[in-house]
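Student: This structure is in structure tokens; I'll ask about it shortly.
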Amino acid sequence: MIAPIAVALTVGLLGWTYRALKPPPPKICGSPDGPPVTSPRIKLSDGRHLAYREAGVPREEAKYKIVVIHGFGSSKDLNLPASEELVEELRIYFLFFDRSGYGDSDPNPSRSVKSEAYDAQELADKLQIGSKFYVIGISMGAYPVYSCLKYIPHRLAGASLVVPFVNYWWPCLPANLSNDAFSRLLAQDQWSFRVAHYTPLLFYWWMSQKWFPSLSILAGNMAIFSQSDLEILKKWSEAPSVGQEKIQQQGVYESLHRDIIVSYGKWEFDPMDLINPFPNNEGSVHIWQGYEDRIIPFQVNRYLSEKLPWIHYHEVPDAGHLLIFESKNCEAVLRELVQRRRNLVLNRNQKWLYSRPRWFD
């Protein structure tokens with residue numbers, strides 16, 4: 001009797017483990033059991049579809065064409081608070097798109113840091129926006145920009161990484177720096193990122209289990225936001241943006257979970273491997289960091305820009321993680337990006353927005 005019971009218990013345990021570890025299949029947009037396709041899309045060479053949104057001046061009339069890459073839990077429907085007057089003045093065309101698994105874009109089971117760059121490139125080519133374009137990556141949307149700088153630098157006219165994601169396991173980071181920055185995160189976030197990095201096969205289970213707290217941003221923990229972030233969130237709550245309900249419509253695993261697994265996994269390159277794509281100052285690369293950011297510790301991005309002096313570093317004293325969603329900051333990011341040669345004193349009244357802090361002197 002003991003042996004059959006042991007076998008039954010073992011089989012039952014294995015079955016439970018399999019179900020707990022295996023994420024449910026995605027609900028593909030346009031499939032019989034999936035949500036409808038509600039956005040314009042292009043078909044990629046591997047058969048997947050990417051959904052996109054165009055804004056600003058018509059692409060045929062634009063002087064500057066910018067691909068905007070959204071962050072974690074966001075989509076192509078994010079709103080950049082740049083005035084119409086500025087967009088018209090600079091003749092900017094914006095191309096937003098849902099990254100793989102988000103919104104109306106098909107999931108990519110083979111998603112990697114590298115694939116993010118080639119998705120952006122193929123989208124740009126399908127829409128014929130030109131041989132070179134600008135990229136802006138926001139928060140976790142910055143790791144695709146690092147990918148662009150590595151794999152398609154010849155296609156870039158300029159790049160901005162706004163409150164950029166940090167992988168605490170990048171080999172280039174000194175142990176004391178990465179450990180200190182990592183320790184500043186909430187304990188539940190530390191554990192979530194450890195699971196994503198060391199045991200990605202367990203990540204779906206970790207995010208689904210109820211015994212321990214997982215990612216703070218999904219749990220609605222407001223402690224991760226600065227005072228300026230909270231003010232922006234309050235404005236958003238009063239006027240919710242369009243399309244928020246579609247972000248996870250194909251499944252939380254293919255959108256949010258896979259994003260974390262890819263970004264916190266082992267990269268094929270290190271940021272220190274990057275080479276200045278604009279040795280003749282024909283373009284520029286920028287990092288924008290909020291000093292009050294509680295999600296991305298400023299110390300790491302400050303260090304990276306010290307080691308890569310061709311990256312122009314802007315540390316905004318009173319800003320948090322939602323830096324770009326404040327109009328004056330958003331417009332500063334755009335103005336700096338589309339200038340071929342930087343002028344460190346474009347506006348004496350906003351000098352802090354354009355100059356490196358004194359520790360760079």
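Student: Suppose R0 equals 30 Å; then what is the FRET efficiency for Ala219 and Trp310 from their Cβ-Cβ distance, rounded to the nearest 0.05?
Tutor: Step by step, r from the Cβ atoms, then E = 0.20.
Student: Provide the gained length on full extension for the span Glu268 to Ser208, in nm with one decimal, where the gain is 0.36 nm per separating residue minus the Cα-Cα distance.
Tutor: Working it through step by step, the gained length comes to 18.7 nm.
Student: Tell me which aspartates and glutamates have Cα within less than 18 Å of Lys210's Cα, excluding those fewer than 8 residues away on the same chain?
Tutor: Leaving aside aspartates and glutamates fewer than 8 places away in the same chain, those within reach of Lys210 are Asp189.
Student: With a 1.4 Å probe and all protein chains left in place, how much accessible area per residue does segment 41-338 have, in Å²?
Tutor: With the other protein chains kept in place, segment 41-338 gives 40 Å² per residue.
Student: So, with a 1.4 angstrom probe, what is the percent of accessible area on the chain that is carbon and sulfur?
Tutor: 56
Student: Next question, about the same structure. Return the aspartates and glutamates within reach of Lys22: Cα separation strictly under 17 angstrom, same-chain partners fewer than 8 residues apart disregarded; answer none if there are no such residues.
Tutor: Candidates past the 8-residue exclusion: Glu254, Asp259.
Student: Under a Cβ-only charge scheme (Lys and Arg +1, Asp and Glu -1), can you give me the dipole magnitude of the chain about the Cα centre, in debye to the nearest 20?
Tutor: Roughly 500 debye, rounded to the nearest 20.
Student: Quick check: pseudo-label points 7 Å beyond the Cα along Cα→Cβ at Gln128 and Ser327, how many nm apart are they?
Tutor: A separation of 3.7 nm, rounded to one decimal place.
Student: How much net charge surrounds Gly30 when only the other residues with a Cβ under 14 Å from the Cβ of Gly30 are counted, with Lys and Arg +1 and Asp and Glu -1?
Tutor: Cβ neighbours under 14 Å give a net charge of +1.
Student: Also: Please list the helices of the chain that count as membrane-span-like by this rule: a mean Kyte-Doolittle hydropathy of at least 1.0 together with Cα atoms stretching 27 Å or more along the helix axis, each helix being a complete DSSP H run.
Tutor: Correct list, ordered by number: 2-21.
Student: Using a ≥ b ≥ c from the Cα gyration tensor of segment 41-338 (square roots of the eigenvalues), is it rounded, prolate or oblate, where a/c under 1.5 gives rounded and otherwise the larger of a/b and b/c decides, a/b for prolate?
Tutor: Because its axes are fairly even, with a/c under 1.5, segment 41-338 counts as rounded.
Student: For segment 193-257 and segment 28-80, what is the centre-to-centre distance using only Cα atoms, to the nearest Å?
Tutor: Taking the Cα centre of segment 28-80 as reference, the centre of segment 193-257 is 21 Å away.
Student: So how far apart, in nm, are the two label points at Trp236 and Glu282 if each is 7 Å from Cα heading toward Cβ?
Tutor: 3.8
Student: Now a separate question. Per-residue counts of other Cβ atoms within 10 Å, averaged by peptide: what ranking do you get for 143-150, 121-128, highest first?
Tutor: Descending packing order for the listed peptides: 143-150, 121-128.
Student: Once you keep just the Cα pairs under 8 angstrom separated by 6 or more residues, what percentage relative contact order results for the chain?
Tutor: Taking the mean separation of contacting Cα pairs over the length of the chain, I get 19 percent.
Student: Here is a further query. Within 12 Å, Cβ to Cβ, of Ile224, how many net charges do the neighbouring residues add up to if Lys/Arg are +1 and Asp/Glu are -1?
Tutor: -2
Student: When DSSP assigns beta bridges and you keep just the ones with both residues in the chain, what percent turn out antiparallel, to the nearest 5?
Tutor: Bridges in the chain that DSSP calls antiparallel: roughly 25 percent.
The values are calculated or read from the model by the stated rules, or taken from the named source; none is laboratory data. Treat the numbers as computed from the prediction; the structure is a model and nothing was measured. Using ideal geometry, Cβ is built from the backbone for each residue, glycine included, and neighbour counts are taken over all protein chains shown. Please note that ligands, DNA and RNA were not included when accessible areas were found on the heavy atoms of the full protein model with its side chains. Shrake-Rupley method; radii C 1.70, N 1.55, O 1.52, S 1.80 Å.
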